[in-house]
Each structure stands twice: as C-alpha cells, then as structure tokens.
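> Sharing a structure with you now.
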Amino acid sequence: MAERGAPLGNKNATKAKPWQRAILRAVRKRSPSAELEYLDKLAEELLDACAKQDLPALKELGDRLDGTSHQSVDDRNPDGTSLFSKVERVIIESK
C-alpha cells in the first residue's frame with residue numbers, strides 16, 4: 001500500500017505563502033482575541049457582495065470553493081503546426 005503524503009524530503013508544504021501570512025498577521029492585529037470571529041465577519045461580507053452580483057466577489061468565492069481554473073497553454077504555431085516535435089524523459093544516473 002502506498003504511503004499517504006509527500007515523499008521524505010519534499011519541502012512543498014513549507015514554500016512561502018507571503019500573501020496568506022500577511023493577511024493572517026493583519027487579522028490578528030485587528031482582532032487578536034477573536035481571530036476566527038473576524039474571519040467569519042469577512043466571509044459574511046464576501047457573501048453579501050456576492051448577493052449583490054459583485055463579479056470580483058463571485059470569482060473569489062468560486063476560487064475558494066473550487067480552486068482556481070486551469071490555465072491553458074496554446075502549443076501550436078499560427079499555421080496550426082505543433083511547437084514541439086518530441087518530448088523525452090531522460091533519467092540520468094547520479095555519481
């Protein structure tokens with residue numbers, strides 16, 4: 001059975017999320033003893049904006065619920081031919 005979670009040595013979970021950290025710091029400054037209540041208030045305001053058909057708020061809510069949408073990459077030249085002729089996977093032995 002495969003192990004759950006990232007492989008040993010994977011540091012992806014510790015990558016910087018400076019915007020998330022900045023928002024949480026600001027929330028703690030505004031409401032140090034009631035952090036969750038303040039976040040709940042902000043969530044209510046987001047829902048109120050969505051009810052008023054605020055498109056950026058609706059997009060934000062969708063991104064929070066479903067994740068951001070996939071970004072497509074066009075891999076064709078203007079004449080319709082592919083930009084790539086071959087894709088290879090090469091395994092190199094370490095020394």
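> Kindly list, by first and then second residue, each pair from a residue in the range 1-27 that is under 27 Å from L39 (Cβ atoms) and of a type in the set (A, V, I, L, M) to a residue that is surrounded by 10 or more Cβ atoms within 10 Å (Cβ to Cβ) and modelled with pLDDT under 80, limited to pairs with Cβ atoms under 8 Å and residues at least 6 apart or on different chains.
Between residues of the range 1-27 that are under 27 Å from L39 (Cβ atoms) and of a type in the set (A, V, I, L, M) and residues that are surrounded by 10 or more Cβ atoms within 10 Å (Cβ to Cβ) and modelled with pLDDT under 80, the close pairs are A13/A6.
> Six or more apart or on different chains, Cβ under 7 Å: which pairs go from a residue in the range 57-75 that's within 24 Å of K86 (Cβ to Cβ) to one that's outside any helix (DSSP H, G or I) and aromatic (F, W, Y)? Could you list them?
Between residues of the range 57-75 that are within 24 Å of K86 (Cβ to Cβ) and residues that are outside any helix (DSSP H, G or I) and aromatic (F, W, Y), the close pairs are D75/F84.
> Can you report the number of residues in the range 31-48 which are of a type in the set (S, T, N, Q) and surrounded by 12 or more Cβ atoms within 10 Å (Cβ to Cβ)?
Qualifying residue count for the region: 1.
> Quick one: what pairs do we get from the range 41-55, first residue free of Cβ contacts under 8 Å to residues at least 24 places away in the same chain, second surrounded by 11 or more Cβ atoms within 10 Å (Cβ to Cβ) and part of a helix (DSSP H, G or I), C-beta under 7 Å, 6+ apart or different chains?
Final answer for the pair search is L46/A57; L46/E60; L46/L61; A49/A57; C50/A57; C50/L58; C50/L61.
> When you go through D63, D74 one by one, which is the residue that is surrounded by 10 or more Cβ atoms within 10 Å (Cβ to Cβ) and out of contact with any Gly (no Cβ under 6 Å at 6 or more places or on another chain)?
Of D63, D74, the one residue that is surrounded by 10 or more Cβ atoms within 10 Å (Cβ to Cβ) and out of contact with any Gly (no Cβ under 6 Å at 6 or more places or on another chain) is D63.
> Output the residues belonging to the range 42-67 that are among the acidic types (D, E) and under 26 Å from R30 (Cα atoms).
Residues satisfying the conditions are E44, E45, D48, D54, E60, D63.
> Could you say whether any residue in the range 79-95 is of a type outside the set (A, V, I, L, M) and in contact with a Lys or Arg (Cβ under 9 Å, 6 or more places away or on another chain)?
Yes.
The values are calculated or read from the model by the stated rules, or taken from the named source; none is laboratory data. Everything quoted here is computed from the prediction, not taken from an experiment. Backbone-built Cβ (ideal geometry, glycine too); neighbour counts: all protein chains shown.
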